[in-house]
Structure formats: structure tokens, C-alpha cells
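The values are calculated or read from the model by the stated rules, or taken from the named source; none is laboratory data. Everything numeric here is computed off the predicted structure, so don't read it as measured data. Methodologically, a virtual Cβ is constructed for each residue, glycine included, from the backbone with ideal geometry; neighbour enumeration extends over all protein chains shown.
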Amino acid sequence: HQHYLQNPSYKDFHEQLEAYTASYVQQQGAAKRTRATLYKIPVVVHVIHNGESVGSGANISVAQINSQIAVLNKDFRLLNTDSLLPSNGFWPYTDDCEIEFCLATLAPNGLSTSGIDRFNYGQSTYDYADIDGIIKPNTIWDRNKYLNIWVCKFGGSASTLLGFATPPGAPVDEDGVVIGTTNFGTTGNVASPYNKGRTATHEIGHFFNLRHIWGDTFCGTDFIADTAPAEEANYGCKSYPYNANNSCGGDAKGEMYMNYMDYVDDNCINMFTSGQAARMQAALNGPRSGLLTSNGCGSPHSI
Ligand code: ARG
Ligand code: ZN
């Protein structure tokens with residue numbers, strides 16, 4: 001569902017972005033992050049519901065929203081308690097992305113806000129046309145200053161989704177991340193096995209220009225050197241090592257199925273690599289740089 005990927009001006013943009021990203025990542029090197037600087041991202045959560053009272057059904061509770069922000073602040077800092085142990089072959093590749101998230105305290109109109117924006121759109125479920133055509137353009141906050149997250153119940157053309165995201169270069173009124181109600185956060189209206197908040201971790205990875213680790217084709221590329229080659233998406237849960245010496249030239253460590261940018265269950269994914277961290281920081285210093293000077297969480301905190 002990324003029609004604009006086909007459009008020629010987006011292709012140009014994408015080629016230039018890839019060249020910029022490669023040079024940024026090369027300058028940074030593959031070393032572990034220094035944890036010297038943190039990127040702080042103001043977030044607005046648009047809760048799209050059907051008139052339920054706050055805390056019921058699609059009109060999710062503040063506690064559920066806070067539980068998702070807490071997951072993001074662990075996963076993007078390598079503070080998640082399920083991170084790999086040194087005995088795992090992929091442990092050396094795990095890294096802190098140095099990115100933190102805050103619910104916005106200042107709205108685009110300059111008034112104070114909870115960072116939570118509730119909307120009754122009068123439907124029990126929403127499909128792509130509803131979301132991209134109506135909900136997003138009518139609710140979005142400046143995408144250069146806020147990470148917009150919409151939370152709603154998917155239906156119709158979107159019914160099998162957990163979430164979806166726009167990479168850098170998306171149309172201004174569509175840019176952000178959409179997460180299904182029951183896959184958002186860790187408490188409240190959540191459903192196993194997608195009840196650990198990892199759908200948002202994954203989709204925000206896309207928002208910061210990460211690809212799936214298998215590159216979306218058999219043995220494809222994600223343009224990152226330190227994510228092990230993978231044949232295709234993995235589902236459910238795997239045990240290490242999985243698919244060792246695979247047909248894409250993988251080694252004895254097998255596939256990095258525990259990477260947030262694979263498709264396995266929430267409680268079986270737990271890492272970004274140094275290369276992914278560098279690539280996300282490239283996006284933050286490139287097409288997403290507006291977020292670094294945003295005053296959405298008070299005075300800007302940038303590098
Ligand atoms: N866009 C993917 C989907 O809808 C998200 C996968 C997230 N994976 C997860 N374990 N939460 O299927
Ligand atoms: Zn994805």
C-alpha cells in the first residue's frame with residue numbers, strides 16, 4: 001500500500017535519499033552508538049473511535065497509550081528487558097538507537113496538550129481509503145514537528161494489518177504511523193501475540209527509513225550491512241540459530257529473526273542493529289530533521 005513509491009518524483013527522491021544515507025552511515029561507521037546525544041521525538045496519538053467512552057473499545061485508555069510510549073523508550077534505547085544475552089551470536093550487533101519519544105505537550109496552535117487527540121469518526125472499523133483519504137488529512141499535526149500515530153480498528157482492505165507506516169518522502173497529509181487498536185501498547189484493549197507494543201516499534205522503524213530485513217524479495221537487501229541475510233519474512237517465534245547457512249549466503253548464526261524489522265511475534269523480537277541505528281539517525285539528520293527542532297515537547301532537544 002505505497003502507491004507513491006511508483007511515482008517518478010518519489011523515485012528520484014528515494015535515490016537521492018539512499019545516496020545521502022549511505023554516505024552518512026559510512027561517516028558514522030558501524031561502531032556502537034556512543035550514547036552521547038539523544039534524539040527526542042514529540043508524538044501525537046490520534047485515537048480514532050466510534051463514540052465509545054474513554055477507556056472502552058477503540059477509545060483506548062491513557063494507560064494503554066502510556067504503555068506504548070514506555071515500550072518505545074525502551075526499544076529504541078536498548079533498555080528492553082528481553083534484549084539478547086552475550087551468549088547469542090547476534091548480541092554484538094544489538095544497539096541503542098539513541099531515540100526517545102514524548103507525548104507532545106505543546107500543540108500546533110501553541111496551546112498545551114496531552115498529546116492525545118480523540119476523534120469519533122462514527123465507524124467501528126476503518127480501511128485504507130478511510131484512513132489515508134479522510135482520517136489522516138483531517139487530523140494530522142505538522143509532520144515536520146510531530147510523529148503522528150493514529151490508532152484505530154482496521155477493517156475492509158486493511159483488515160489483516162497490524163499497522164502501516166510511511167517512509168520519508170510521503171505526502172504531507174499522509175505522513176506517519178497507523179497501528180491497530182489491539183496491537184498498541186501492552187495494557188488495556190490488546191491481544192496476544194501482538195500485545196508487547198512491537199508493532200509501533202516496527203512501524204516507526206519504517207518511518208525512520210528502515211526496510212524489512214529480508215528486503216521484501218527473496219534474499220533481498222535492506223541496505224544495511226549488519227543485519228544478517230534473510231530469505232523471507234519469519235513468523236511466529238523461532239529459536240536461535242534459525243535457518244543457518246541459508247541460501248542468501250548467511251552463516252552459522254542464521255537469520256536475525258529477532259530483529260524488530262522482521263515479522264515474528266512481539267515477545268520474540270528484541271533488537272535493532274548499529275547499522276539500523278545509523279540509518280535511522282541519517283533520516284533524523286536528513287528528511288526527518290524537522291523533528292529535532294520541534295518544540296512539541298517544550299524546548300527542543302537536538303544534537
Ligand atoms: N506491517 C506489519 C503487519 O501489519 C507489522 C508487523 C509487526 N510485527 C510485530 N511482531 N508486531 O503485518
Ligand atoms: Zn513492515
Report summary line: Within region 246-257, the residues that are surrounded by fewer than 13 Cβ atoms within 10 Å (Cβ to Cβ) and either under 12 Å from F90 (Cα atoms) or not hydroxyl-bearing (S, T, Y) (or both) are G249, D251, A252
Report summary line: The residue from N270, N234, N243 that alone is closer than 15 Å to P92 by Cα and in contact with a Phe, Trp or Tyr (Cβ under 9 Å, 6 or more places away or on another chain) is N270
Query raised in the report: Looking at this structure, is H206 over 30 Å from A63 (Cβ atoms) and within 11 Å of ligand 1 (Cβ to nearest atom)?
Result: no
Query - Residues satisfying the stated conditions in region 185-208, i.e. part of a loop (DSSP other than H, G, I, E, B), surrounded by fewer than 23 Cβ atoms within 10 Å (Cβ to Cβ) and either at positive phi or within 11 Å of ligand 2 (Cβ to nearest atom) (or both) - result: G188
Query - Boolean, H301 is crowded, with 17+ Cβ neighbours inside 10 Å and at pLDDT below 95 - result: yes
Query raised in the report: Taking the condition closer than 25 Å to M280 by Cβ and without any contact (Cβ under 8 Å) to a residue 24 or more places away in the chain, does D226 pass?
Result: no
Report task. Determine which single condition W141 fails, assuming it passes every other condition in (1) over 30 Å from A228 (Cβ atoms); (2) within 16 Å of ligand 1 (Cβ to nearest atom); (3) buried (at least 16 other Cβ atoms within 10 Å of the Cβ). Result -> (2)
Report summary line: For region 223-243 the number of residues that are within 16 Å of ligand 2 (Cβ to nearest atom), surrounded by fewer than 17 Cβ atoms within 10 Å (Cβ to Cβ) and within 25 Å of V190 (Cβ to Cβ) is 2
Report task. For A228, indicate whether it is within 20 Å of D95 (Cα to Cα) and of a type in the set (A, V, I, L, M). Result -> yes
Report task. May I ask you to list the residues in region 266-288 that are surrounded by fewer than 17 Cβ atoms within 10 Å (Cβ to Cβ) and either within 11 Å of ligand 1 (Cβ to nearest atom) or of a type in the set (A, V, I, L, M) (or both)? Result -> N267
Query raised in the report: Out of region 66-111, which residues are out of contact with any Pro (no Cβ under 7 Å at 6 or more places or on another chain) and in a strand (DSSP E or B)?
Result: T94, I99, E100, F101, L103, L106
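For (1) within 14 Å of ligand 2 (Cβ to nearest atom); (2) closer than 26 Å to K74 by Cα; (3) in contact with a Gly (Cβ under 6 Å, 6 or more places away or on another chain); (4) assigned to a loop (DSSP other than H, G, I, E, B), each residue gets a yes or a no:
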site	(1), (2), (3), (4)
F218	no, no, no, yes
T221	no, no, yes, yes
N245	no, no, no, yes
A278	no, yes, no, no
Query raised in the report: How many of the residues making up region 227-277 are more than 26 Å from G180 (Cβ to Cβ) and either modelled with pLDDT under 95 or within 18 Å of the chain's Cα centre (by Cα) (or both)?
Result: 4
Requested in this report: Quick one: in region 136-164, of everything that is in a loop (DSSP other than H, G, I, E, B) and under 18 Å from R118 (Cβ atoms), which residue is nearest to the chain's Cα centre (by Cα)?
Outcome: Y146
Report task. Only one of these is touching an Asp or Glu at 6+ places or on another chain (Cβ under 8 Å) and of a type outside the set (D, E, K, R): A233, A278, A282. Name it. Result -> A233
